[in-house]
Amino acid sequence: MFQRLLDTFRLGRLDRELDEEMRFHIDMRAAAYEREGLSPAEARRKALRRFGSPLLARERVRDVHLLTWLDSVRQDILLGLRLLRRSPALTVAAVLSLGLAIGATTGVFAVGDALMVRPLPVQRPNELLIPQWHSTEWPEIGIWGTSDNDDIWSFSYPMYEQFARTPGVDLAGVQDLDDGITVIRGEAGTAKGSLVTGNFFRVLGVAPAAGRLLVDADNSLAAPPVIVLSHRFWQKAFGSDPGAVGSAMRVNGQIFTIVGVAPTAFFGTLPGRWSDFYLPACWITKLRPEFAAESPLTSDRFWWLQLVARPKPGTSLQALQASLGTQFAGLVKPHITKPKQNATFGLRPGAQGFAFQQQEAFRPVVILMALVALVLMIACSNVANLLLARGAARSKEAAMRLALGAGRLRLVRQHLTESLMLAVMSGAAGYLFARWFAQAILSLAPEKSSLVLDLGFSWRVLGFDLGISVLAGLLVGIAPAITLSRSSVAHALRAGATVRVGWKHRIGLGRPLVAVQIALSLLVLVIAGLFVRSLGNLQAVPLGFNPDGILLFSLDPTAAGYSPDQKAQATDRIANRLAQVPDIRAITWSSFALVDNISWNTRVQVPGDPAKKRPPCNLLCVGPRFHQTLQIPLVAGRFFDERDGPAAPKVAIVNQSFVAKYLRGAVPLGQTFTAEPDRDAVTFEIVGVVRDGKYARIRMPPSPVAYFPDVQHSVPMGPTFALKIAGGPGRVSAEINRIVHELAPTMPVSRVRTYSEQIGQQLAVDRSLSLLSSAFGVVALLLAAIGLYGIVAFAVARRTVEMGVRLALGASRGAVLRLMLLDSAKVIVPGACVGMAAALAATRFVESILYGLKPTDPATIVAAMALLLAVAAIAVYIPARRAAGIDPVESLRCE
Amino acid sequence: MLKRPDNLQGALDLLILKTLASRGPLHGYGIALHVESVSDDVLRVEEGSLYPALHRMEQEGWVQSNWRTSEHNRRAKFYGITAAGSKQLADQVRNWRLVVDAIQRVLQVS
């Protein structure tokens, strides 16, 4: 039977067999003519003539097969449609549940695709290469940019200029400028931009949406300052006004003329981050005054430019790599100080730009993907169960068709066609839903590390949607199809034995399906439990300060063009005005807020300490009454006060880890140490010790921290104000905006937030994961419970007579109940065991994002198991009690 | 559905099914020989049409085939009638009789 289907596809084999068949016929006929006395040649000719054209016969046989196949497919589809229409409730339920699950899976895939897989929207992205280097130890240079496993993508500007002269390659440079401060039509705001070399757009092959893009001549301090906007920013800040091109805007205090707009989908070179504007790289000296001392354009000690290379046609990659590598070796040599140090150069594929730097953001996407895939599998088994239930009702029809000579395979195929149609409908619904789901995921990401992705049409996403739809269709259809093909003709034709045939088989397959559901839902529950517990740990972790009632906001006077003196004055003026606002109880500030993912560290030397390697020390420059306002407890010594003026000896407050790590626990008051908060080494005297707390991230264990008063130093960062307020933050934040706008109109207020909001931002990924996984867990549990209820209720209905007999023969109702419970345990226990094994195997993949517990956390596993068993017990008990409540007389009568 | 078999095709189907029903499984050549000998060579099966017809009937489920060794020790494809084929044969015979009776009556009237 299977052969027949294969024949349909393997026309070659069919032809061979047919040829053999016809040859036999002609040979036989020729032999007959020979026996009549004809010569062999004559006999063969006559036989051939009598047969007619074998070619024509072969064509007609082929037509027969093809037509039959096409015809049966069409029949299957028509029949499928009719059946789906006949039970609209089932169809809607199946399409909805599968559609949601497929949509969620596709949505997560779309995010992952846009983040890591989708090539840059530029010409021939596959040609692009990213130069990188790797060093066993970091050379004595300053680096601006990310690194991963000591792979670094930043180079100095002189290095870029030399590389760019290499024949056979076009080389562009780019560095991202976050928190750019813009003034557009008098309104101050913040935006993310990129500093790019003049050839950036030409090398990538990008055409302007309006005006022109940057050219080589723009990248010169002598040229008029120009800026290109992203299409997105042009829409957001200018309402797509064509008049924007040619007008002026300020970035970090500098005035630039807008010359053009980049195309709609162009976001820059780092997927997930959307550059709002592009500036010629030469302006770095004006935009970041802290770099003015040693120009980044000429310094070979400051490596800050990331490169994108496009080899010219005909250039050998090996030759290019060798040539650039040799140049690199020469340029890096002066900075290598240690004998065993070794720096190597390489080129990596750059079709996705710098997407490889988004690994951190990609991990939660992968975890989410796994979770939605589990939910999809549960949804599939649920729909399969629905179809099985209906298949039971149709088993008589199936048996009839078998008896009338329909092929079993044909029957199976008809069912698969039907479930595939269901799945394709779900896939179409899911595709519409996917976009929405993808946006929802992106909106759950923390604001500061928000992902902005181009979720436009992608063949990969459509293909994925279609692929998993077909897979889901097969998963859903295979069980009912097998059941039907097993239907026994003899049983069906026996009088009275109607639906029972199918039902027997339904039990055979429905039970494993429910066991699978139980296993999958236990897995989802364990993962959800781990995330929930991890989030709980993170929320309960002691911060070392009291964030309650604290409102934060950040200013960046340095970026807005203020000198250090102007910055200090502006900070004081704003603090004094804020002090007059009635709802504000206390005011302080620091170079940045604690627990805001920002860290600033330096090497520290303690006199008398043999110069061994010490971990770097974290620093924080603080305003007046910082520790008191945040309620960081003093352990020894004193807080900063009026004594610590600009001219007084430099003082510092350190935390307990500092004492333990650098001073071996010795009483530190009066002890001095040397650190380099800016360029020069400064000697500090320790005047106080405070309790340990969190510094940059909640997940990091306490580390050494030194606080020093900002009146004694000038640092380019911040300030971030911390206000202790009474009542809600709404009125105070309006006051903040009004006061800052009045005192410093060119300086935007950024990120007004309560401290708990800021901490919440840091836990956003954990919160989204625990929220989503819990929701998935509930759905999974519910579906498994429904499945379980279904099979037990059915078993009760089927065994009514048997139970009646048992009761009539004196079995107690308890015994009957026990029997039913034991029966369902045969489904629950294997399911739970498999689920447990899967959980133990799978949860280590989430280990890296768990905080304060192991992936095999016994409490979580026991709790998940208990929840599952409790819900399962309820799902089983309700129908089982009915079995115990059977009236024996009634039950016997109904047979 | 497939194209409605025309009368000639219907007649060919009928002959093949009847042959297989009375003689048991046969290869294509055997079917052709049988039809010729029984009809005293009046009915000559158009041999080129025989094989498309057999394949079509196999797709319809009226006949089934398998490869066996023939009387001359050569591999040949044998066709046998199925239950569905027998039912089809009965239908076609009934139809045929109706048509023949009708024609008979027309001839008698004139």
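The table below gives the values:
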read-out	value
Qualifying residue in region B:58-67 (condition: part of a helix (DSSP H, G or I), in contact with a Lys or Arg (Cβ under 9 Å, 6 or more places away or on another chain) and closer than 30 Å to A:ARG410 by Cβ)	yes
Check on A:GLU735, of a type in the set (Asp, Glu) and in contact (Cβ under 8 Å) with a residue 40 or more places away in the chain	yes
Residue within region A:110-117 that is in contact (Cβ under 8 Å) with a residue 60 or more places away in the chain, away from every other protein chain (no Cβ under 14 Å) and over 30 Å from A:PHE266 (Cβ atoms) present	no
Members of region A:579-609 found to be more than 16 Å from A:GLY718 (Cα to Cα), assigned to a strand (DSSP E or B) and among the polar types (S, T, N, Q), listed by number	A:THR602, A:GLN605
Given (1) closer than 28 Å to A:SER156 by Cα; (2) surrounded by 18 or more Cβ atoms within 10 Å (Cβ to Cβ); (3) basic (Lys, Arg), number of the condition A:ARG232 does not satisfy	(1)
Residue that is in a helix (DSSP H, G or I), away from chain A (no Cβ under 12 Å) and touching a residue at least 60 places away in the same chain (Cβ under 8 Å), where the choices are B:LEU107, B:LEU89, B:LEU98	B:LEU89
Which numbered condition A:ILE861 fails, given (1) assigned to a helix (DSSP H, G or I); (2) over 19 Å from A:LEU523 (Cα atoms)	(2)
Within region A:158-251, strands (runs of 3 or more DSSP E) holding 1 or more residues that are among the charged types (D, E, K, R)	A:169-184, A:187-196, A:248-251
Members of region A:32-83 found to be more than 29 Å from B:LEU33 (Cα to Cα), in contact with a Lys or Arg (Cβ under 8 Å, 6 or more places away or on another chain) and of a type in the set (S, T, N, Q), listed by number	A:SER72
Identity of the residue in region B:36-67, loosely packed, with under 12 Cβ neighbours inside 10 Å and more than 9 Å from every other protein chain (Cβ to nearest Cβ), that ends up modelled with the highest pLDDT	B:ASN66
Yes/no for A:THR68 being over 30 Å from A:THR264 (Cβ atoms), within 14 Å of chain B (Cβ to nearest Cβ), of a type outside the set (A, V, I, L, M) and assigned to a helix (DSSP H, G or I)	yes
Residue within region A:740-750 that is hydrophobic (A, V, I, L, M, F, W, C), crowded, with 16+ Cβ neighbours inside 10 Å and either at pLDDT below 80 or in contact with a Gly (Cβ under 8 Å, 6 or more places away or on another chain) (or both) present	yes
Checking A:ALA41 against (1) away from every other protein chain (no Cβ under 12 Å); (2) modelled with pLDDT of 85 or more; (3) part of a helix (DSSP H, G or I); (4) in contact with a helix residue (DSSP H, G or I) (Cβ under 8 Å, 6 or more places away or on another chain), the condition it does not meet	(4)
Of the criteria (1) under 26 Å from A:GLN762 (Cβ atoms); (2) surrounded by fewer than 16 Cβ atoms within 10 Å (Cβ to Cβ), which one A:LEU669 fails	(1)
Hey, B:GLY10 at pLDDT below 80, within 9 Å of another protein chain (Cβ to nearest Cβ) and part of a helix (DSSP H, G or I) or not	no
Candidate set: region A:777-804, residues that are farther than 18 Å from A:ALA515 by Cα and either among the small types (Gly, Ala, Ser) or at pLDDT 80 or above (or both); chosen: the one farthest from the chain's Cα centre (by Cα)	A:GLY804
Residue in region A:106-114 that is closer than 30 Å to A:ARG348 by Cα, of a type in the set (S, T, N, Q) and part of a helix (DSSP H, G or I) present	yes
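Per-residue answers, yes or no, for (1) surrounded by fewer than 21 Cβ atoms within 10 Å (Cβ to Cβ); (2) at positive phi; (3) without any contact (Cβ under 8 Å) to a residue 60 or more places away in the chain:
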residue: A:LEU129; (1), (2), (3): no, no, no
residue: A:GLY142; (1), (2), (3): yes, no, no
residue: A:SER147; (1), (2), (3): yes, no, yes
residue: A:ASP150; (1), (2), (3): yes, yes, yes
residue: A:SER156; (1), (2), (3): no, no, no
residue: A:VAL174; (1), (2), (3): no, no, no
residue: A:ASP179; (1), (2), (3): yes, yes, no
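Listed here are the residues, each with its yes/no results for (1) touching a residue at least 40 places away in the same chain (Cβ under 8 Å); (2) surrounded by 15 or more Cβ atoms within 10 Å (Cβ to Cβ); (3) under 30 Å from A:PHE531 (Cα atoms); (4) outside the structural domain of A:VAL516 (by TED's automatic domain parsing).
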| site | (1), (2), (3), (4) |
| --- | --- |
| A:ALA785 | yes, yes, yes, no |
| A:VAL792 | yes, yes, no, no |
| A:VAL796 | yes, yes, no, no |
| A:VAL816 | yes, yes, no, no |
| A:ALA839 | yes, yes, yes, no |
| A:SER848 | yes, no, yes, no |
| A:LEU868 | yes, yes, yes, no |
| A:ARG882 | yes, yes, no, no |
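The values are calculated or read from the model by the stated rules, or taken from the named source; none is laboratory data. From a predicted model like this one, the values you see are computed outputs, not experimental measurements. Positions of Cβ are generated from backbone atoms using ideal geometry, with glycine treated the same way; all protein chains shown enter the neighbour counts.
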